[in-house]
Amino acid sequence: MSTSQQSGEIYEPFLHSGQIIPAFNLPGADGMPHGPWDYKQREHLILLFIQGITDNESRGLLRAFAKRYRDFRQEDCAILAVSPDPVIVNLEAQETLQLPFALLSNPDGSVIRKYTLWDATKHTCKPAIVLADRYNALYQQWIANSEATLPAIDELLESLRYLNKLCTP
C-alpha cells in the first residue's frame, strides 16, 4: 500500500516499481466516477497528472495525448488525466479540447498526492505520468517540474510495446 509523507504542507508520493497503484474513484467531466480498477486485467493504464487546466502547458500536453490516443489504444492502453480543478472547469476543457479520454477532478489533492508532489497550501502539483500494467502494477513513473520535461509520447509508446511483450499471455 502506498503512503504519503507530510513535510509541512508538501506531500511526497512513495510508489515503487511493481507495486499495485493506489485505487481511487474521481468524478470525470461526464459526471461518472473513474478509476484504475475500471481497466484492471484488460488494459494498461497511463495516468496524467497536470498542474491545472488553465495552464497552457497542461492544455498542450492534453492535446498531444488526444492527438495520439489511437496509438495508445492500439497498444491496449487507456488514459486517465487528473487535474486539481473542479469538475465544471474540466467539463469546459473536455469539450473545448475534444479529449477522447476522461479528465478527472481532484480539487483537494487527496489522490494527486499519492502519485506526485502536492503542495496543499498553494493547491499545486508537479506534472507526472504513471504507467501501470494491466494488473495495475506500477511499471514506470515520471515526475517533472513542467509538462515540457515529461517523456515524449513516442518513448511512452515504446515502453508500452515492451510491456505488451512481457504481459502477453
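Tell me, what % of the accessible area of segment 84-169 is carbon and sulfur with a 1.4 angstrom probe?
Values: 2140 of 3950 Å².
Exposed carbon and sulfur together represent 54 percent of the surface.
Here's the list of aspartates and glutamates a cross-link from residue 126 could span, going by alpha-carbon distance under 16 Å and ignoring same-chain residues fewer than 8 apart: 9, 12, 55, 57, 85, 108, 147. Around the amide H of residue 124, modelled in the peptide plane, lie the amide H atoms of 119, all under 5 Å away and 5 or more residues distant in sequence or on another chain.
Cα centroids of segment 149-168 and segment 70-100: how far apart, whole angstrom? Segment 149-168 and segment 70-100 have Cα centres spaced 19 Å from each other.
Modelled label positions at residue 88 and residue 64, each set 7 Å beyond Cα in the direction of Cβ, lie 3.2 nm from each other.
Figure the gain on full extension for residue 71 and residue 110 (residue separation times 0.36 nm, minus the Cα-Cα span) and round it to one decimal in nm.
Numbers: separation 39, 0.36 × 39 = 14.04 nm, distance 3.06 nm.
The residue 71-residue 110 span can extend by a further 11.0 nm.
If you add up the charges near residue 98, with Lys and Arg at +1 and Asp and Glu at -1, over every other residue whose beta carbon is less than 15 angstrom from its beta carbon, what do you get? It would help to have the intermediate numbers written out before the result.
Working: positive: 59, 63, 67, 68, 70; negative: 30, 92, 95.
Once all neighbours under 15 Å are counted, the net charge is +2.
The chymotrypsin sites (Phe, Trp or Tyr not before Pro) found in segment 38-138 that occupy coil by DSSP, while having at most 15 further C-beta atoms within 10 Å, are 135. Near residue 34, the amide H atoms lying under 5 Å from its own belong to 26, 28; only residues 5 or more places off or on other chains count, and H is placed 1.01 Å from N.
Only bridges with both residues in the chain count here: give the DSSP antiparallel percent, nearest 5. Present the calculation step by step, with values, prior to reporting the outcome.
Values: 23 of 33 bridges.
Around 70 percent antiparallel, to the nearest 5.
Entry comment: accessible area of the chain is 49 Å² per residue, from protein heavy atoms only and a probe of 1.4 Å. The mean sequence distance of close C-alpha pairs (under 8 Å, at least 6 residues apart), as a share of the length of segment 26-169, puts its relative contact order at 30 percent. Run the reach check for residue 165 against lysines, Cα to Cα strictly under 19 Å, same-chain hits fewer than 8 apart removed. What comes back? List returned: 40.
The values are calculated or read from the model by the stated rules, or taken from the named source; none is laboratory data. Just so it is clear, the structure is predicted and the values come from calculations on it, not from any experiment. Quick reminder, even Gly has a Cβ in these numbers, built from the backbone with ideal geometry, and neighbours come from all protein chains shown. The area values use the complete protein model at the heavy-atom level, side chains included, leaving out ligands, DNA and RNA. Shrake-Rupley method; radii C 1.70, N 1.55, O 1.52, S 1.80 Å.
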